[in-house]
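Notes follow once the structure below has been shown.
The values are calculated or read from the model by the stated rules, or taken from the named source; none is laboratory data. Quantities reported herein were computed from a predicted structural model and do not represent experimental measurements. Cβ placement follows ideal geometry from the backbone for every residue including glycine, while neighbour counts extend to all protein chains displayed.
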Amino acid sequence: MDARVSELFRARIGDERYAVWFGDAARIEVSADGLRVTIRVASGFAQDWLRKTFHAELLSTVRQVCGPAAELEWASQLNQQPGDQPERSLESASAGDSDRGISPVSSPASRSNGPRKPDRRRTSAASAQAQVVGSGSDVRPPASGLAAKALAGPRHAPRLDTFVVGPSNRMAFAAVQLAASRPGEMSPLILHGPSGVGKSHLLEGICGHFRDLHPKANAVFLSAEQFTTGFLQSLHGSGLPGFRRTCRSADLLVVDDLQFFVGKRATMMELQHTIDTLHRLGRQMVFACDRELESLTELDADLLTRLRGGMTARMLPPDEDVRRGIVEAIASRRGILVPKDVVDYVAAQMTRHTRELTGAVNRLEATSHMLGVPISMGMAEEALADLVRSSGRSLRLADIERAVCSAFGIESGSLQGTQRTKRVNHPRMLAMFLARKHTASALTEIGSYFGRRSHSTVISAQKTVVEWVASHSQIMLADATWDVEEAIRRVEEMLRAG
């Protein structure tokens, strides 16, 4: 009967989740009369977490096998029986449920059939260094305990169902879902936003979701650097037909870091022809970049025309509700108990990008393990003190200049020169306005930094920008016309992202 309970429960929650959480870490025992089932777990902490997470499903399984009068109880397994395998602690399994998007270290049970062979159809040309997305592509080495985390190898790709949605990314998320479910109708899809807002998560997520919806389809995921390297290597060798076949036969082509193509004329032409081919075939393309297409003026004009023919979706730095959801999701996937006040604290303090949130949870988990204590507010404040100071760093004039130049494609150092053309004069005034808003620098210091100007020039620039905002003016920034509020928002996003 023990085996029947185990088999039915495994079928209920899935082989991988069962192998991770119950394969080695717990033992199911049924009493002689069949009316009591005991789950023996390696530690009290593990018992509490597993009971909270799986009790309802286990009880339903037990009563289905043993009858409606059967009872379920939990116990710490303090004494092992002779011949029992060493129990695995919860920490060795706390990498999270693979069906939630973070891949766990496989237990021996989950590796019993050996690694699956990759599907040739989903393997990219070597010269392209492509990641061709398919299920079951990651193979985990045998490992256990805390060492398992260090030896876990490549993680599973993030999935759409683990993406935290909020006002800052709702449009992008909806566009990705539509592109996956109705490929070709919204192609190419362009996601843009500063670093750390979740673009890569959505790109990897759409690949997995696309494979789920279209099992026989071929999805190819490349960074712009991989596309460029693969193209140039195949061009100088004899692999160009293979490279093109990899990219142009894809049902879904995903390319990250579109801005990397700036200045690479031959690669841009190759990408343009690839887009034309896939568009004719009705295939789905998704690209991501760190700024709007209007700011990528150095891309080939014909390529920009083709990119603008699809759908663009902007992603902003996560607001506090989204940050709170991200912290909760990370903790849940890893099986870490993080109190609500600690979640709120992390979300309020780590404001620049999502990678900071992951780093904070990593620090909390490591500190909790090192000290052997549960996560608490006092421990969090002490453990995260240096991260909080770094996240809340004060902005400098150089940061303002760098963000303005990067946001609008202006050559570094131009704002410190003496030119008075509109191409740099408007960005310079905007930079002075933002310097007054976000730094404690004196007027004379700001004027000196931005072209050795007087403090009265800085005051005038600030008043001018305020008037622009009040009248919703269009201003010239480098070679493009921008709505002033949109321009300010863009620079401030880049400042927050660091």
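Quick check on the stretch 399-412. Is at least one of its residues free of Cβ contacts under 8 Å to residues at least 12 places away in the same chain and either touching a helix residue (DSSP H, G or I) at 6+ places or on another chain (Cβ under 8 Å) or in a loop (DSSP other than H, G, I, E, B) (or both)? Working first, answer last.
Our first condition is that a residue be free of Cβ contacts under 8 Å to residues at least 12 places away in the same chain; within the stretch 399-412, this holds for 402, 411-412.
Filter once more, keeping what is either touching a helix residue (DSSP H, G or I) at 6+ places or on another chain (Cβ under 8 Å) or in a loop (DSSP other than H, G, I, E, B) (or both): 411-412.
Yes: the stretch 399-412 contains one or more residues that are free of Cβ contacts under 8 Å to residues at least 12 places away in the same chain and either touching a helix residue (DSSP H, G or I) at 6+ places or on another chain (Cβ under 8 Å) or in a loop (DSSP other than H, G, I, E, B) (or both).
Out of GLY196, GLY184, report the one residue that is under 17 Å from ARG291 (Cβ atoms), part of a loop (DSSP other than H, G, I, E, B), in contact with a Lys or Arg (Cβ under 9 Å, 6 or more places away or on another chain) and not aromatic (Phe, Trp, Tyr).
Values: GLY184 fails: under 17 Å from ARG291 (Cβ atoms).
Answer to the selection: GLY196.
Name the residue that is surrounded by the fewest Cβ atoms within 10 Å (Cβ to Cβ), counting only residues in the stretch 164-179 that are at pLDDT below 90 and among the hydrophobic types (A, V, I, L, M, F, W, C).
So, considering only residues that are at pLDDT below 90 and among the hydrophobic types (A, V, I, L, M, F, W, C), the one surrounded by the fewest Cβ atoms within 10 Å (Cβ to Cβ) is VAL165.
Cβ-Cβ distance below 6 Å, separation of 6 or more or different chains: which pairs start in the stretch 436-453 with a residue that is in contact (Cβ under 8 Å) with a residue 40 or more places away in the chain and end on one that is of a type in the set (Lys, Arg)?
PHE450/ARG428
With the requirement that a residue be more than 22 Å from the chain's Cα centre (by Cα) and closer than 18 Å to ASP276 by Cα, what does the stretch 219-241 give you? Break it down into steps so the answer makes sense when it comes.
So in the stretch 219-241, the residues more than 22 Å from the chain's Cα centre (by Cα) come out as 228-241.
Listed by number, the residues that qualify are THR228, PHE231, LEU240, PRO241.
Among the residues in the stretch 230-239, are any crowded, with 23+ Cβ neighbours inside 10 Å and part of a loop (DSSP other than H, G, I, E, B)?
Filtering the stretch 230-239 for residues crowded, with 23+ Cβ neighbours inside 10 Å gives 230-231.
Narrowing further to those that are part of a loop (DSSP other than H, G, I, E, B): none.
No, the stretch 230-239 has no match at all.
Can you tell me which residue in the stretch 13-48 is surrounded by the fewest Cβ atoms within 10 Å (Cβ to Cβ), limited to those that are part of a helix (DSSP H, G or I) and modelled with pLDDT under 65? Write out each step before concluding.
Pass one, the stretch 13-48, residues part of a helix (DSSP H, G or I): 13, 15-21, 44-48.
Those left that are additionally modelled with pLDDT under 65: 16, 20, 44-46.
Numbers: GLU16: 19, VAL20: 28, GLY44: 13, PHE45: 16, ALA46: 25.
Once the filter is applied, the top-ranked residue is GLY44.
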